[in-house]
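Notes for the one structure printed next.
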Amino acid sequence: MRSRCAGRGRSPTAAAYISGCTDRRPILALQLSATRAGLGIGFLPEDMVQDDVAAGRLVRVLTDWCAPFPGYHLYYPSRRHTTPAFSLLVDALRYRGAASGR
């Protein structure tokens, strides 16, 4: 998942900052809906907008200001016993990183 800027070619009229939120999915979904509606520029994960960009519904803007996402970083104590679910998560992240050449 790489972060990219996408928009409909218009400049934003306002910026909103939401503090204290740990689950960003509802905020990202709202941001995507607003960007699709042409309300401004959205700074969203690339995998959320790649279909819209490919279909021409959204265009990339400010590409010089959008740093590529280098990959996941996971810090955990490797000497402790991990649950099977956590082991699957680690394996999935390693597989995704290896498949994308990271």
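The values are calculated or read from the model by the stated rules, or taken from the named source; none is laboratory data. Just so it is clear, the model here is predicted, and its values are computed rather than measured. FYI the Cβ positions are ideal-geometry reconstructions off the backbone, even for glycines, and counts take in every protein chain you see.
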_Residues satisfying the stated conditions in the range 42-93, i.e. aliphatic (A, V, I, L, M), without any contact (Cβ under 8 Å) to a residue 40 or more places away in the chain and closer than 20 Å to Leu32 by Cβ_ = Met48, Ala54, Ala55
_Against the condition at pLDDT 80 or above and either of a type in the set (Asp, Glu) or on the phi < 0 side of the Ramachandran plot (or both), how does Pro77 come out, does it pass?_
no
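For the range 68-89, how many residues are polar (S, T, N, Q), surrounded by 10 or more Cβ atoms within 10 Å (Cβ to Cβ) and not in a helix (DSSP H, G or I)?
Step one: list which residues in the range 68-89 are polar (S, T, N, Q), which gives 78, 82-83, 87.
Remaining after also requiring surrounded by 10 or more Cβ atoms within 10 Å (Cβ to Cβ): 82, 87.
Now narrow it down to the ones that are not in a helix (DSSP H, G or I): 82.
Residues meeting the conditions: 1.
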